[in-house]
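Some notes on the structure that comes next.
Derivation of every value follows stated rules applied to the coordinates shown; laboratory data play no part. Values in this document were obtained by computation on a predicted structure and should not be read as measured data. Cβ placement follows ideal geometry from the backbone for every residue including glycine, while neighbour counts extend to all protein chains displayed.
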Amino acid sequence: MSERDDGVAVPWTRRRFSAAVGAALVPIGCGQPSPGPAPARALTAQDRLLAEFQGAYPDEMAATGRVHEVELVAGPTTLEVGEQPAMQVWAYNGQVPGPTLRIRLGDTLKARFVNRLPMSTTIHWHGVRVPNAMDGVPHVTQPPVEPGGTFDYEFTPKDAGTYWFHPHVRGSEQVERGLVGVLIVEDPVPDPYSQDVLWVLDDWRLDPTGQIDGKFNTRHDLAHDGRWGRMRTVNGRSDEVLRVRPGERIRLRMLNCANGRAVVPHFGSLRPKLLAVDGKYLRAPIEMPRFEMAPGNRLDVDITFDLVSERVPVSDLFSPSRPHVLGSIEIDGEPVDTPQFESPAAAHVPRWTGGLEQPVHHDYRMNARRGGEHGIEWMFDNQPFTGHDAHTISIDLVRHRFHRVRFSNESGRLHPIHMHGTFFRVLARNGVPVDEPFFRDTVLVRGRETVDLGMVPTDIGKWMVHCHILEHAESGMMTLVEVHDDDWAPSRS
């Protein structure tokens, strides 16, 4: 064992152990007296950051042998919301949101995907650390699935948590039309919550006939924060009510799957504890902060109900002057005993206080210009992404190495940055250190803001990085990074 600056013992990694032992070995001449043991190489800042990361999440997950086989069919259907006329939508297995797949950590998912849409598509498993070939990026990890075609996805998730799946082809249209599903990877022994509930938050822009507005990627949307619709839904309903009894303790999982809208959930008189962000548990549960849920973000909260006969609105306060009620929680009925157990939020999350002392591996500059297919191009480093079939690698990342990556927003618009294939921790905003006690896969970068991220990639492959305002991504704000071992020469295309 070695010791961090704060005195906490951490395990040696094989690479660090080999390096330290190698540094201690020196050749000894024949017949010469031994000079004694040479001092071991001093730990570098990189060593300390990696040691602090040890135990955060595994490289691999041992399979349980349990296999869940499902069929996911993407095709047209209808959705009725309130008193609106039936909407023509696209859906997985005929429902919006699509099916919620539940498996246990270590279980294998086999998903046969069937495309019955009038255009090509794929499935991206957002937030799940899958083998690169299963990531669902057309022309990069797989060919697009053409109309009438099929594709088999198979993987064993490495992390418990709340994840989701959606297309990675013309996402600004296909997601808006309803192609969204959820994957919940439960702990090997789930905690005995009274209820484990999912809320999928979305919005819809409709035309005068009550159908989905068919004008996608408009100049207005591109010049602003993407497509925001006036009709808001939770689980495909405009009047969602969660019914609980006094004394119940629930786990509420929330996903923001909107194209562009950010949400700040507020629970009125309730006092929820934040358990997990983007699927990953916190170091410890905390009182629910003002959390800006960007498109793609997930939050898991723990709520105990000690009130009797009350209806509590759950509101969106992203625009405090214009709050919107998302849904309600109705507390009623005979009281029950509250389940007593320790919070599952007890993860190892490195503080990485030395992360800001590391050089910036790359600074992604984000801005826009006139031009391109849609009239406006959003860009990383003045380079619009011209298509998955014409991809180039923007940066290389070395597996099992700490990297500090910066995103500098030179525009006045919102940009939720999503990274495939890895989690990261926010180190600083506008140069001011922050200690978020959780990992993420998506972070909202506000206008004129700079955000520094720390990460240790564990999975080799070519991975997308993009704005999750889907209109911004569709008009060019995407790029690829390549993760490789440090003794391997990466490709550049």
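Observations, loosely collected:
- Eligible lysines near LYS273 by straight Cα distance, threshold 29 Å, same-chain separation 8 or greater: LYS158
- Fraction of beta bridges assigned by DSSP in segment 67-331 that are antiparallel (%, nearest 5): 70 percent
- Using R0 = 35 Å, the C-beta based FRET efficiency linking ARG237 and SER343 works out to 0.75.
- Dipole orientation for the chain: of the candidates PRO58, ALA473, TRP125, ALA473 has the Cα lying most toward the positive pole (charges on Cβ; Lys, Arg +1; Asp, Glu -1).
- Ranked by how many other beta carbons lie within 10 Å on average, peptides 254-263, 468-477 from highest: 468-477, 254-263
- Prolate/oblate/rounded label for segment 67-331 (Cα gyration tensor, a/c 1.5): oblate
- Packing, as the average of other Cβ atoms within 10 Å across residues, places the peptides 167-178, 314-325 in the order 167-178, 314-325, highest first.
- Net charge over other residues, Cβ less than 9 angstrom from the Cβ of ARG112 (K, R count +1; D, E count -1): -2
- Bridges between two residues of segment 355-484, per DSSP, are antiparallel at a rate of about 75%.
- Overall form of segment 305-347 per C-alpha gyration tensor (a/c, 1.5; a/b vs b/c): oblate
- Toward the positive end of the charge dipole of the chain, with +1 on the Cβ of Lys and Arg and -1 on the Cβ of Asp and Glu, the farthest Cα among ILE303, PHE423, ALA345 is that of PHE423.
- Its Cα centre serving as origin, segment 355-484 has a Cβ charge dipole (Lys and Arg +1, Asp and Glu -1) of approximately 260 debye.
- Ordering of 415-426, 331-342 by packing [mean C-beta count within 10 Å, highest first]: 415-426, 331-342
- Rounded to 5, percent antiparallel among DSSP beta bridges of the chain: 70 percent
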